[in-house]
Amino acid sequence: MGSQRSLLKSVTTGVAGKRHYCKGNKNHEILKGDRILLLKIERNVFHYCAACTLSFIATAQNNLATLEAEIQSAQ
């Protein structure tokens, strides 16, 4: 059996070292010291604010629950 892989390999959390604007919504300002989501795609790192991060997590949980139900019903 092959090794299990993570779908979340390129996603981490961190603390903003300087001011940024959220990649998900340019109106959301991220201040130095705020908790942020860091999404690395190839050589690019995108910064997301807490509000957008929580929205992403809720959407991902719903999508994963649907995927899990589909897989379990096929067995």
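The values are calculated or read from the model by the stated rules, or taken from the named source; none is laboratory data. Remember, it's a predicted structure, so these values are computed and weren't measured experimentally. No Cβ is skipped: glycine too gets one built from the backbone with ideal geometry, and neighbour counts run over all protein chains shown.
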Practice prompt. Evaluate the following for residue 14: is it surrounded by 10 or more Cβ atoms within 10 Å (Cβ to Cβ), in a loop (DSSP other than H, G, I, E, B) and touching a strand residue (DSSP E or B) at 6+ places or on another chain (Cβ under 6 Å)?
Written response: no
Residue 9: at pLDDT below 95, under 13 Å from the mean Cα position of the chain (by Cα), surrounded by 11 or more Cβ atoms within 10 Å (Cβ to Cβ) and not aliphatic (A, V, I, L, M), yes or no? no
Checked 40, 18 against criteria (among the basic types (Lys, Arg) and more than 16 Å from the chain's Cα centre (by Cα)); the one match is 18
Sole miss for residue 31 among (1) in contact with a strand residue (DSSP E or B) (Cβ under 9 Å, 6 or more places away or on another chain); (2) surrounded by fewer than 15 Cβ atoms within 10 Å (Cβ to Cβ); (3) under 15 Å from residue 8 (Cα atoms); (4) of a type in the set (A, V, I, L, M, F, W, C) is condition (3)
